[in-house]
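Enquirer: This is the structure I want to talk about, given as structure tokens.
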Amino acid sequence: MKGAKVFFDTNVLIYVFDKTSKKKAKLATELIDSATREGRGVLSIQVIQEFVNIMRRGQKPLMSVAQCRVFLGVLTERFELVRQTPDLLTRGLHVHEAFQISWYDSLIVAAAQAGGCEVLYSEDLSHGQAYGSVRVLNPFVGV
């Protein structure tokens with residue numbers, strides 16, 4: 001899908017830092033690097049919030065606040081961002097109702113649609129499923 005805008009779900013960002021699966025980390029890094037190098041990468045504010053939450057939770061956070069701050073700068077520089085708006089929430093409700101997926105997943109799909117993406121990279125949604133103009137691809141199938 002060369003040239004198509006692509007949306008990254010939180011789990012793809014998390015895998016960049018995954019010490020347990022070098023294959024997934026390498027694949028996630030390659031996908032993100034390719035998309036951002038070509039100006040095709042899209043994220044939502046929700047994805048960034050989820051990422052920071054996961055990286056900072058628990059007794060031994062995976063990233064310090066300073067590291068999160070630096071990575072946030074990289075994300076906001078390299079990705080087109082879809083912001084949370086009342087219209088996005090309404091679109092999310094439509095997706096939620098139409099496809100019977102969780103509220104938070106419906107917001108991810110709605111953000112990918114709003115960002116004009118053809119592909120949504122996610123491990124959480126059904127591989128190959130189309131949600132209107134957006135098709136989910138799980139890049140980790142078979143890894």
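The values are calculated or read from the model by the stated rules, or taken from the named source; none is laboratory data. A quick note: this is a predicted structure, and the numbers were derived from the prediction, not measured. Glycine gets a Cβ as well: all are built from the backbone with ideal geometry, and neighbour counts include every protein chain shown.
Enquirer: Output the residues belonging to the range 98-108 that are in contact with a His (Cβ under 9 Å, 6 or more places away or on another chain) and not aromatic (Phe, Trp, Tyr). Walk me through it before giving the result.
Expert: Restricting attention to the range 98-108, the residues satisfying the condition of being in contact with a His (Cβ under 9 Å, 6 or more places away or on another chain) are 102-103, 105-107.
Scanning the range 98-108 gives Ser102, Asp105, Ser106, Leu107.
Enquirer: Could you list, in sequence order, the residues of the range 83-125 that are of a type in the set (D, E, K, R) and either in a loop (DSSP other than H, G, I, E, B) or touching a Cys at 6+ places or on another chain (Cβ under 7 Å) (or both)? It would help to see each step written out before you state the result.
Expert: Taking the range 83-125 first, the residues of a type in the set (D, E, K, R) are 83, 87, 91, 97, 105, 118, 123-124.
Within the range 83-125, Arg83, Glu118, Glu123, Asp124 qualify.
Enquirer: Here's a follow-up. Among the residues that make up the range 28-40, is at least one of them assigned to a helix (DSSP H, G or I), closer than 18 Å to Pro139 by Cα, touching a Phe, Trp or Tyr at 6+ places or on another chain (Cβ under 6 Å) and charged (D, E, K, R)?
Expert: Taking the range 28-40 and keeping what is assigned to a helix (DSSP H, G or I), we get 28-37.
Subsequent filtering for residues that are closer than 18 Å to Pro139 by Cα retains 28-36.
Okay, now just the ones that are also touching a Phe, Trp or Tyr at 6+ places or on another chain (Cβ under 6 Å), so 28.
After this cut, where a residue has to be charged (D, E, K, R) as well, the list is none.
No.
Enquirer: For the range 89-107, how many residues are closer than 22 Å to Leu13 by Cβ and free of Cβ contacts under 8 Å to residues at least 40 places away in the same chain?
Expert: First, the residues of the range 89-107 that are closer than 22 Å to Leu13 by Cβ: 92, 95, 101-107.
Applying the additional criterion that residues be free of Cβ contacts under 8 Å to residues at least 40 places away in the same chain yields 92, 95, 101-103, 105-106.
Residues in the range 89-107 being closer than 22 Å to Leu13 by Cβ and free of Cβ contacts under 8 Å to residues at least 40 places away in the same chain: 7 in total.
Enquirer: Need pairs with beta-carbon distance below 9 Å; first residue farther than 20 Å from Leu88 by Cα and among the acidic types (Asp, Glu) and within the range 30-57, second surrounded by fewer than 17 Cβ atoms within 10 Å (Cβ to Cβ) and at pLDDT below 95; sequence gap 6+ or separate chains.
Expert: Correct list of pairs: Glu38/Lys2; Glu38/Gly3.
Enquirer: Among the residues of the range 59-76, is any surrounded by 14 or more Cβ atoms within 10 Å (Cβ to Cβ), within 15 Å of Phe7 (Cα to Cα) and at pLDDT below 95?
Expert: yes
Enquirer: May I pose another question? Tyr15 passes all but one of (1) among the hydroxyl-bearing types (Ser, Thr, Tyr); (2) touching a helix residue (DSSP H, G or I) at 6+ places or on another chain (Cβ under 9 Å); (3) outside any helix (DSSP H, G or I); which number fails?
Expert: The failed condition is (3).
Enquirer: Among the residues of the range 111-122, is there at least one that is free of Cβ contacts under 8 Å to residues at least 12 places away in the same chain and either at positive phi or of a type outside the set (A, V, I, L, M, F, W, C) (or both)? Let's see the steps before the verdict.
Expert: Looking only at the range 111-122, we keep the residues that are free of Cβ contacts under 8 Å to residues at least 12 places away in the same chain, and these are none.
No.
Enquirer: Report, by residue number, each residue of the range 1-46 that is within 18 Å of Cys68 (Cα to Cα) and basic (Lys, Arg).
Expert: Answer for the range 1-46, where residues must be within 18 Å of Cys68 (Cα to Cα) and basic (Lys, Arg): just Lys19.
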